[in-house]
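Novice: Below you will find the structure I want to go over with you.
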Amino acid sequence: MTSDYSSDQAIVRLDGVHKSYGDPVALNGVSLGIRAGEAVAVMGPSGCGKSTLLNMIAGLDRPTSGTVTVHGEDLGELNETGLALFRRRRIGMIFQFFNLVDDLPALDNVALAAQLTGAPTSQARKRALELLDELGVAEQRDSYPATLSGGQRQRVAVARALMNRPVLLLADEPTGALDSRSGEQVMDLLIDLNQMGQTLLMVTHDPRLARRCASRLIEFADGRVVRESTLERAA
Ligand SMILES: Nc1ncnc2c1ncn2[C@@H]1O[C@H](COP(=O)(O)OP(=O)(O)O)[C@@H](O)[C@H]1O
Ligand SMILES: [Mg+2]
């Protein structure tokens, strides 16, 4: 039932992580590991702490106690600036509602991720366009998010997440706001990325998505891991 997260290959390691926002407790003693190249799905009822888990790993928020180590870096040892740099350089994140910047065209949304790390504009825009092209939304480069379909928005968001070649891609219900066809396409995209070596941790309500995309399932309830299992990936 427990995973071998003592491996040197572990890209993410949580030890005894608690997170409380007062009452209730969002995470109640979580220890888990994710190895390089894995695709791991997290499932569990609404409010059980899944987004909080991702936010801890992304360095968007800090645990009340316990340690989070990502890519050899103990996030608790980083100050706010260090944490922001860590997040920009090491983590790519996609969300149910895309979280794109509404008043920037697609290309600028993607390029911004690199510009925030200090990359020259021309270089950032060049890579952004390459990624939009790879993800099938190059034609939408000058379009504003509001004019894009949900599926197109999520592709732009995936491009943005990949911009800085993150060690870890976090996806929080990435198909939750999409119709089934766009959802399938985003799903296929995540599978392709993982097969190219991208380590992936995703939260989903959709058992089919978990089965198709992930090699391991972590089930959460009430802020704890209640079950871990290996999945036979569906073809
Ligand atoms: N920023 C926050 N402030 C206060 N409470 C929060 C915050 N984020 C999450 N919570 C609470 O923590 C618990 C877990 O939330 P969350 O991680 O969003 O669950 P899930 O993603 O599994 O639906 C919930 O009770 C939620 O209300
Ligand atoms: Mg959530």
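Novice: Do we have any residue at all in region 8-26 that's part of a strand (DSSP E or B), open to solvent by 50 Å² or more (accessible area, probe 1.4 Å) and within 16 Å of ligand 2 (Cβ to nearest atom)? So that I can check it myself, show each step before the final result.
Specialist: Pass one, region 8-26, residues part of a strand (DSSP E or B): 10-20, 25-26.
Subset that is open to solvent by 50 Å² or more (accessible area, probe 1.4 Å): 13, 15, 18, 25.
Still in the running and within 16 Å of ligand 2 (Cβ to nearest atom): 25.
There is at least one residue in region 8-26 that is part of a strand (DSSP E or B), open to solvent by 50 Å² or more (accessible area, probe 1.4 Å) and within 16 Å of ligand 2 (Cβ to nearest atom).
Novice: Conditions first: (1) within 13 Å of the chain's Cα centre (by Cα); (2) within 16 Å of ligand 1 (Cβ to nearest atom). Residue 176 passes all but one, so which condition is the exception?
Specialist: (1)
Novice: Kindly provide the set of residues from region 35-65 that are near ligand 1 (Cβ under 7 Å from one of its atoms) and on the phi > 0 side of the Ramachandran plot, ordered by number.
Specialist: The answer is 44, 47, 49.
Novice: Only residues that are at pLDDT below 95 and out of contact with any helix residue (DSSP H, G or I) (no Cβ under 9 Å at 6 or more places or on another chain): list them for region 18-45, please. Please lay out each step first, then the result.
Specialist: Let us first name the residues in region 18-45 that are at pLDDT below 95, namely 21-25.
Listed by number, the residues that qualify are 22, 23, 24, 25.
Novice: Here's another thing I want to ask about it. Where residues in region 36-47 are farther than 19 Å from residue 68 by Cα and not small (Gly, Ala, Ser), which of them is surrounded by the fewest Cβ atoms within 10 Å (Cβ to Cβ)? Explain how you work it out, then say what you get.
Specialist: Of the residues in region 36-47, the ones farther than 19 Å from residue 68 by Cα are 43-47.
Now drop any that are not not small (Gly, Ala, Ser), which leaves 43, 45.
On the way: 43: 21, 45: 12.
Checking each candidate, the answer is 45.
Novice: Looking at (1) farther than 24 Å from residue 197 by Cα; (2) within 13 Å of ligand 2 (Cβ to nearest atom), which is the one condition that is false for residue 102?
Specialist: For residue 102, the failing item is (2).
Novice: Looking at (1) free of Cβ contacts under 8 Å to residues at least 60 places away in the same chain; (2) open to solvent by 50 Å² or more (accessible area, probe 1.4 Å); (3) farther than 22 Å from residue 158 by Cβ, can you tell me which one residue 87 breaks?
Specialist: (3)
Novice: Another one. Quickly run through region 100-148 and pick out the residues that are among the polar types (S, T, N, Q) and touching a Ser or Thr at 6+ places or on another chain (Cβ under 7 Å). Write out each step before concluding.
Specialist: Taking region 100-148 as the starting set, the residues that turn out to be among the polar types (S, T, N, Q) are 109, 115, 117, 121-123, 140, 143, 147.
Across region 100-148, the qualifying residue is only 115.
Novice: Residue 104: open to solvent by less than 70 Å² (accessible area, probe 1.4 Å), over 29 Å from residue 221 (Cα atoms) and not in a helix (DSSP H, G or I), yes or no? So that I can check it myself, show each step before the final result.
Specialist: Working: open to solvent by less than 70 Å² (accessible area, probe 1.4 Å): yes; over 29 Å from residue 221 (Cα atoms): yes; not in a helix (DSSP H, G or I): yes.
For residue 104, the condition - open to solvent by less than 70 Å² (accessible area, probe 1.4 Å), over 29 Å from residue 221 (Cα atoms) and not in a helix (DSSP H, G or I) - is met.
Novice: Out of the strands (runs of 3 or more DSSP E) lying entirely within region 116-235, which hold 3 or more residues that are among the charged types (D, E, K, R) and open to solvent by 10 Å² or more (accessible area, probe 1.4 Å)?
Specialist: On the way: elements: 168-172, 200-203, 216-221, 224-230.
It comes to 224-230.
The values are calculated or read from the model by the stated rules, or taken from the named source; none is laboratory data. All of these numbers come straight from a predicted model, not from anything done at the bench. Neighbour counts run over all protein chains shown; Cβ positions are idealised from the backbone, glycine included. SASA here: full protein model, heavy atoms, side chains in, ligands and nucleic acids out. Shrake-Rupley method; radii C 1.70, N 1.55, O 1.52, S 1.80 Å.
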